[in-house]
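The values are calculated or read from the model by the stated rules, or taken from the named source; none is laboratory data. These numbers come from a predicted model, not from an experiment. Counting neighbours? That spans all protein chains shown, and the Cβs are built from the backbone with ideal geometry, glycine included. Note: areas computed on protein heavy atoms with side chains; ligands, DNA, RNA excluded. Shrake-Rupley method; radii C 1.70, N 1.55, O 1.52, S 1.80 Å.
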Amino acid sequence: MEVIRSAADMQARALGLRKEGKTIGFVPTMGSLHPGHLSLIELIRGKCDVLLLSIYVNPTQFGVGEDYEKYPRNLDQDLELCQGRGVDLVFSPESSEIYAQDASTHVLEDVVGKGLCGTVRPQHFRGVATVCAKLFNLCQPSMVALGQKDAQQVVVLKRMIRDLHFPIEVMVGPILRDADGLAMSSRNAYLEPKQREDALLVYQALQAARKLVEEKGSRNVDRVKAETANILKGGRFLRVNYVEVVDRETMRPETEIVPGRSLLAVAVWVDQVRLIDNLCF
Ligand code: AMP
């Protein structure tokens with residue numbers, strides 16, 4: 001496994017591989033790898049000639065007062081986790097490699113990234129789209145693996161890939177959870193035991209909503225949202241950011257639940273820690 005730190009080296013290596021006719025499968029991450037990330041490696045391993053994973057905490061997707069500075073960084077441990085899992089190349093640049101000091105070009109997807117997380121994190125998806133466009137140009141993937149955990153991010157990036165004609169196929173992996181149901185996230189490391197109990201309510205609320213729709217046959221958006229919010233109310237440290245039922249392809253709010261199309265998306269703060277989760281009906 002080779003670790004590349006410079007953007008120019010990364011691009012030269014990727015272009016060289018493409019010239020040899022090799023396909024590159026790409027897993028972009030912010031590091032602090034957990035089994036959710038590793039499942040994305042599994043998802044595209046064997047479907048491409050070279051497997052490339054990036055580890056980069058992208059400053060432009062964090063808002064003012066968010067956790068960019070304290071975001072967990074564990075490069076040595078991450079490299080160990082990649083070893084032996086079929087990762088051929090790791091791209092782990094310093095920020096100065098990615099953003100020129102006077103960088104003034106951004107990529108803004110202007111519709112599907114506006115609601116949900118886009119309302120409280122207005123710069124977030126612009127940062128995500130911009131860094132992914134850069135990473136795609138540097139890494140030259142023909143396939144990228146993304147997690148359904150970040151459902152809105154998947155839709156934003158699919159839209160960007162389509163609109164900007166990146167020749168990249170998107171594979172989406174399911175949400176990996178801890179044994180107790182909590183969706184795996186690098187940010188879970190911030191949670192104290194008491195806060196983690198509250199975080200678990202998110203999973204319990206999603207399960208209650210699933211029951212209502214799948215077992216009791218409800219198609220009523222307001223009822224499902226109320227049931228979800230009601231369970232979340234039980235958390236001492238928990239504040240709801242949003243509970244929404246949207247079309248999973250467009251992120252538009254649904255007026256009724258359509259199995260196979262609708263997605264229940266939840267974002268909460270447990271104390272200072274912002275967590276997101278979702279469920280496809
Ligand atoms: P991050 O490092 O948080 O930017 O995530 C990198 C990729 O891993 C994204 O495509 C995420 O959606 C995905 N991911 C994060 N958490 C999970 C999870 N629990 N299960 C599956 N994929 C995940």
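Side notes on the structure shown:
- Filter pass, LYS134 being over 13 Å from ASP277 (Cα atoms) and assigned by TED's automatic domain parsing to the domain that holds PHE237: no
- Residue that is farthest from GLY63 (Cα to Cα), among those in segment 106-120 that are in contact (Cβ under 8 Å) with a residue 24 or more places away in the chain and open to solvent by 90 Å² or more (accessible area, probe 1.4 Å): VAL111
- Count of residues meeting criterion [closer than 13 Å to ALA205 by Cβ, touching a residue at least 60 places away in the same chain (Cβ under 8 Å) and of a type in the set (A, V, I, L, M, F, W, C)] in segment 240-269: 4
- Test: residue in segment 81-93 that is in contact (Cβ under 8 Å) with a residue 24 or more places away in the chain and either small (Gly, Ala, Ser) or over 26 Å from ALA14 (Cα atoms) (or both): yes
- Filtered by the rule that a residue be open to solvent by less than 10 Å² (accessible area, probe 1.4 Å), near the ligand (Cβ under 8 Å from one of its atoms) and within 19 Å of TYR242 (Cα to Cα), segment 155-185 gives a lone residue, ALA183.
- Residue-level analysis places GLY235 among those that are under 14 Å from TRP269 (Cα atoms), assigned by TED's automatic domain parsing to the domain that holds TRP269 and assigned to a loop (DSSP other than H, G, I, E, B).
- Scanning segment 186-197 for residues that are touching a helix residue (DSSP H, G or I) at 6+ places or on another chain (Cβ under 9 Å) and either surrounded by fewer than 17 Cβ atoms within 10 Å (Cβ to Cβ) or part of a helix (DSSP H, G or I) (or both) returns SER186, ASN188, ARG196.
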